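Please treat every number below as a calculation from the coordinates, not as lab data. Since this is a predicted model, take the numbers as computed values, not measurements.
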Amino acid sequence: MNSIDIYCNPENSSMKIFLDTADVESIKSRLESGLVDGVTTNPTLILKSGGDPIQTIKNLVEIGVPDISAEVVADSWEQMCTEAKKYYTISPSVTIKLPCTSDGLRACKQLSSTGIRVNVTLVFSVSQAILASKAGATYISPFIGRVDDQRFEGLKLVERICKLYREQMIRTQVLAASTRSVYDVEKSFELGADIVTMPVSVFDKMYDHILTDKGVELFNNDWQKALENAKDND
């Protein structure tokens, strides 16, 4: 089997779900479900959680999050590389999150060349996705919701990037971000995204369906009746 066969074989691929939050307790309770594959954080999310950036990442490592995107804040690519070291030396499970700017991609090239995983974020165009893949990004994060805010089609952007990556056999994985609904999650996977990151509230809603709830209620009622009938026949 050659490399093309391996890449195209569906048995070698898997949809991954990340949570987009820095709330350690919320992450911990959902991680126990076995359905969460990673976490994406950023300074805004960490600020909302009231945590310290470095300590928050350490806490996520301690509870066993398999893949943690930690965002670096700096002005130059050299500073980005310096700041990145504070995170990737914590654990191999930490992925460095960099912006899709000229400095961010230069830092990505530097870090990826030494085996450090990089998530290039704030991707809003196919051309940016091309540059990020050439810079050696492990993941690229197209922002669905923010593109929609500008009256463009965020899911269409995901579709175009996924199509290009498939056709060019690009190994960089598409991590759909800025999702705001279960529909965004469903469509992102349908269009070929490798990973979708989402708020905890959206993850929780993925369980919900009125027919499932009605079905469980019906089964429980029938089971109770069956137990009562068995008791009467004793």
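Kindly write out, for the stretch 89-101 in residue order, the coupling ³J(HN,Hα) from the Karplus curve 6.51 cos²θ - 1.76 cosθ + 1.60 (θ = phi - 60°), rounded to whole Hz, with x marking Gly and Pro.
Result, ordered by residue: 7, 5, 6, x, 7, 8, 9, 7, 9, 10, x, 7, 10 Hz.
Can you list the residues, at least 5 places off or on another chain, whose amide H is less than 5 Å from the amide H of C100, using H built in the peptide plane?
T121
Can you compute 3J(HN,Hα) from phi for each residue in the stretch 135-143, using the Karplus curve 6.51 cos²θ - 1.76 cosθ + 1.60 with θ = phi - 60°, rounded to whole Hz and x for Gly and Pro?
7, x, 4, 6, 10, 10, 10, x, 9
From the Cα gyration tensor of the stretch 147-201, with a ≥ b ≥ c the square roots of its eigenvalues, which class applies: rounded if a/c is under 1.5, or else prolate if a/b is larger than b/c, or else oblate? Before the final figure, lay out each step's value.
Numbers: a/c = 2.29, a/b = 1.47, b/c = 1.56.
Oblate.
With the cut-off at 22 Å, tell me which of the pairs K85/K109; K48/K97; K58/K205 have Cα atoms farther apart than that. Walk me through the numbers on the way to the answer.
Values: K85/K109 15 Å; K48/K97 18 Å; K58/K205 28 Å.
Those over the limit are K58/K205.
For the stretch 109-114, take each phi angle, set θ = phi - 60°, evaluate the Karplus expression 6.51 cos²θ - 1.76 cosθ + 1.60, and give the result in whole Hz per residue in order, putting x for glycine and proline.
Coupling constants for the stretch 109-114: 4, 5, 5, 5, 5, 9 Hz.
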